Amino acid sequence: MTLSAAFARRGGERIGGIATDDELGAFVSRGLDVVVDCTVYPVTVDVARAALDSGVPVVIGASGWADEDLVVLSDLCDETGVPAMLVPNFSFGRC
C-alpha cells in the first residue's frame with residue numbers, strides 16, 4: 001500500500017484518512033474512535049492488528065481472511081479487550 005496520509009476535517013473532527021505501511025501505527029494512534037478498513041487481504045490483517053494494538057476498534061470490510069487469521073484476530077481482541085468486526089462483503093445492493 002503506497003498511499004500518502006490524508007485527513008479530511010470538518011469542525012475539527014477527523015472523518016477519514018489513509019496511510020502507508022510506514023505510517024499505519026501513527027495513523028491509528030491519533031485518537032480515532034474506530035477504523036473502518038476496506039483494503040485487501042493480506043494488507044487488511046496488518047491494518048486490523050495495528051488498530052487493535054493501538055486500542056482502536058476495527059470494522060473490516062475485506063474478504064480472503066484465512067481461518068488462522070480469524071483465530072489470531074479473535075485472540076488479539078481477547079488480549080487487548082478491543083472489539084473487531086469482520087464483514088467480508090460490503091458490496092452495495094438495492095433496497
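A few remarks follow.
- In plain terms, the chain from D75 to D33 could stretch by 13.0 nm, reckoned as 0.36 nm per residue minus the Cα-Cα distance.
- Electrostatic tally near T80: other residues with Cβ closer than 14 Å to its Cβ, Lys and Arg +1, Asp and Glu -1, net -3.
- In this structure the amide hydrogen of V59, modeled in the peptide plane, comes within under 5 Å of the amide hydrogens of V35, V36, D37, M85, none closer than 5 places in sequence on its chain.
- Averaged over residues, the count of other Cβ atoms within 10 Å places the peptides 43-54, 66-77 in the sequence 43-54, 66-77, highest first.
- Annotation: per residue accessible area for segment 24-68 equals 48 Å², rounded to a whole number [probe 1.4 Å, protein chains only].
The values are calculated or read from the model by the stated rules, or taken from the named source; none is laboratory data. As the structure is a computational prediction, the values presented were derived from the model and not from experiment. Positions of Cβ are backbone-derived with ideal geometry, glycine not excepted, and every protein chain shown enters the neighbour counts. Just the protein is used for accessible areas: all its heavy atoms, side chains included, with ligands, DNA and RNA removed. Shrake-Rupley method; radii C 1.70, N 1.55, O 1.52, S 1.80 Å.
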